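Chemist: Below is a structure I'd like to ask you about.
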Amino acid sequence: DDEHDVAALECFLRGRPNLTNLNVSGNALGKIAAIHLAGILEECNTLRSLNLSSNEIGDDGCLAIAFALARNTSLTHLSLAHNGIVKGIEGLGDALRWPTGWGEGSTALLADISSVEHTRPTDGLSLPAGYCTPCLSEQQTLYFNTSLTSLDISNNPLGRTGVETLTGCLQTNRSLTHLVVRYVGLPGNTQENIAAGKI
């Protein structure tokens, strides 16, 4: 079942501390698996590429990945395509925005999704610590990612607000050089409109 799949995946990954590329696309892992993966991503300093496309992680999973991404220093390629992400893009934008880091939008969203804690799987599995709390540490330290160079967020219903969130982070981010934002719920060619500065 899903809980055992999550446990098996977590065990597999924790047993490979030198893993550099992980492609788990198209497995319908869901948000709980994404939250567990986020815990590993936050600790891992060797992973360079993560493909989580088509896994139904939704906003909760995206926010957990974003929270971990803000603290990760090795990941250069990330695909979150086809995951039903809408509001979770706020947290991702904050993780990639230099140097302001996490803003009020993602902190409020974290509060909104704190119900994830109530959907913990049984059989001894638990969510990684900190994923239902605001992104500010006790010392009010703000984190942001400086290693990611490529992001694919295609086929998520971001709409104009979500795309503007991403383009806003591009104004300060100096590491991201490749952004794929096709089929995100906007008319016309979103990729070309961003490049032309229309969004």
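The values are calculated or read from the model by the stated rules, or taken from the named source; none is laboratory data. Worth saying up front: this structure is predicted, and the values here are computed from it rather than measured. Reconstructed Cβ throughout: ideal geometry from the backbone, glycine too, with neighbour counts over all protein chains shown. We work out accessible area using only protein heavy atoms, side chains counted, and drop any ligands, DNA or RNA first. Shrake-Rupley method; radii C 1.70, N 1.55, O 1.52, S 1.80 Å.
Chemist: Would you check if residue 81 is modelled with pLDDT under 95 and under 12 Å from the mean Cα position of the chain (by Cα)?
Modeler: On the way: modelled with pLDDT under 95: no; under 12 Å from the mean Cα position of the chain (by Cα): yes.
Against the criterion (modelled with pLDDT under 95 and under 12 Å from the mean Cα position of the chain (by Cα)), residue 81 does not qualify.
Chemist: Right, here's the next one. Report, by residue number, each residue of the stretch 7-19 that is part of a loop (DSSP other than H, G, I, E, B) and over 18 Å from residue 147 (Cα atoms).
Modeler: 15, 16, 17 - these are the residues of the stretch 7-19 that are part of a loop (DSSP other than H, G, I, E, B) and over 18 Å from residue 147 (Cα atoms).
Chemist: Six or more apart or on different chains, Cβ atoms under 6 Å: show the pairs whose first residue is in the stretch 143-167 and farther than 20 Å from residue 42 by Cβ and hydroxyl-bearing (Ser, Thr, Tyr) and whose second is at pLDDT 95 or above and buried (at least 16 other Cβ atoms within 10 Å of the Cβ).
Modeler: That search, which allows pairs on different chains as well, returns 154/81.
Chemist: Here is a further query. Which of the residues spanning the stretch 155-175 are crowded, with 20+ Cβ neighbours inside 10 Å and within 25 Å of residue 55 (Cα to Cα)? Outline the logic, then answer.
Modeler: So in the stretch 155-175, the residues crowded, with 20+ Cβ neighbours inside 10 Å come out as 155-156, 158, 162-163, 165-166, 169, 173.
Across the stretch 155-175, the qualifying residues are 155, 156, 158, 162, 163, 165, 166, 169.
Chemist: Only residues that are touching a Lys or Arg at 6+ places or on another chain (Cβ under 9 Å), open to solvent by less than 10 Å² (accessible area, probe 1.4 Å) and either among the aliphatic types (A, V, I, L, M) or not in a helix (DSSP H, G or I) (or both): list them for the stretch 56-69, please.
Modeler: So the first thing to find is which residues in the stretch 56-69 are touching a Lys or Arg at 6+ places or on another chain (Cβ under 9 Å), and the list is 56-64.
Filter again for open to solvent by less than 10 Å² (accessible area, probe 1.4 Å), leaving 57, 61-64.
Scanning the stretch 56-69 gives 57, 63, 64.
Chemist: Looking only at residues in the stretch 38-64 that are hydrophobic (A, V, I, L, M, F, W, C) and in contact with a strand residue (DSSP E or B) (Cβ under 8 Å, 6 or more places away or on another chain), which one is modelled with the lowest pLDDT? Give the steps one after another, and end with the answer.
Modeler: Start the filter on the stretch 38-64 by keeping residues that are hydrophobic (A, V, I, L, M, F, W, C), which leaves 38, 40-41, 44, 47, 50, 52, 57, 62-64.
Now restrict to residues that are in contact with a strand residue (DSSP E or B) (Cβ under 8 Å, 6 or more places away or on another chain): 41, 47, 50, 52.
Working: 41: 89, 47: 93, 50: 96, 52: 97.
The residue in question is 41.
Chemist: Which condition breaks for residue 47 when tested against (1) open to solvent by less than 30 Å² (accessible area, probe 1.4 Å); (2) assigned to a helix (DSSP H, G or I)?
Modeler: Only one criterion in (1) open to solvent by less than 30 Å² (accessible area, probe 1.4 Å); (2) assigned to a helix (DSSP H, G or I) is unmet by residue 47, namely (2).
Chemist: For the stretch 181-196, state whether one or more residues are at pLDDT below 60 and either part of a loop (DSSP other than H, G, I, E, B) or surrounded by 15 or more Cβ atoms within 10 Å (Cβ to Cβ) (or both). Full working, then the answer.
Modeler: The first filter runs over the stretch 181-196 and keeps only residues at pLDDT below 60, leaving none.
Checked against the condition, which is being at pLDDT below 60 and either part of a loop (DSSP other than H, G, I, E, B) or surrounded by 15 or more Cβ atoms within 10 Å (Cβ to Cβ) (or both), the stretch 181-196 yields no hits at all.
Chemist: Could you list all residues from the stretch 20-44 that are part of a loop (DSSP other than H, G, I, E, B) and surrounded by 15 or more Cβ atoms within 10 Å (Cβ to Cβ)? If you could, list the steps in order and put the result at the bottom.
Modeler: Quick first cut of the stretch 20-44, residues part of a loop (DSSP other than H, G, I, E, B) only: 20, 24-29, 44.
Across the stretch 20-44, the qualifying residues are 24, 25, 27, 29, 44.
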